[in-house]
Amino acid sequence: ADEPTPGLSNDLAMETLGHFKELAEGGAAVLLITHDIDLALHVADRIAVLYGGTTVEIADAVDFKRGKDALRHPY
């Protein structure tokens with residue numbers, strides 16, 4: 001899903017992402033592309049950070065919640 005939440009209220013964005021989470025919990029693979037890391041942290045298991053078209057880090061979502069010391073790339 002490429003940027004499925006811009007322009008939505010926070011409640012509607014969370015509802016939308018909840019549907020993606022349900023699909024994932026049912027065994028489907030879900031790839032969410034977003035610039036809204038805070039919103040993604042509510043549903044993501046892992047997060048890949050891209051910079052200049054290159055993947056610079058893939059980390060568990062919990063690492064982002066722990067803070068910058070748990071991450072490997074400053075971006």
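Here are several values of log10 I(q)/I(0) by the Debye sum over Cα atoms at q = 0.15, 0.22, 0.23 Å⁻¹: [x] -0.41, -0.92, -1.01; [y] -0.54, -1.07, -1.14; [z] -0.58, -0.96, -1.02. Which one was derived from the coordinates shown?
[y]
For the peptides 30-40, 64-74, what is the packing order when you average, over each peptide's residues, the other Cβ atoms within 10 Å and list the highest mean first? Write down the numbers at each step before the final one.
Values: 30-40: 13.8, 64-74: 11.0.
Ranked by mean Cβ neighbours within 10 Å, highest first: 30-40, 64-74.
No value in this document is a laboratory result; all are computed from the given coordinates. Keep in mind it's a predicted model, so treat the numbers as computed, not measured. All Cβ positions, even for glycine, are placed from backbone atoms using ideal geometry, and neighbour counts span all protein chains on display.
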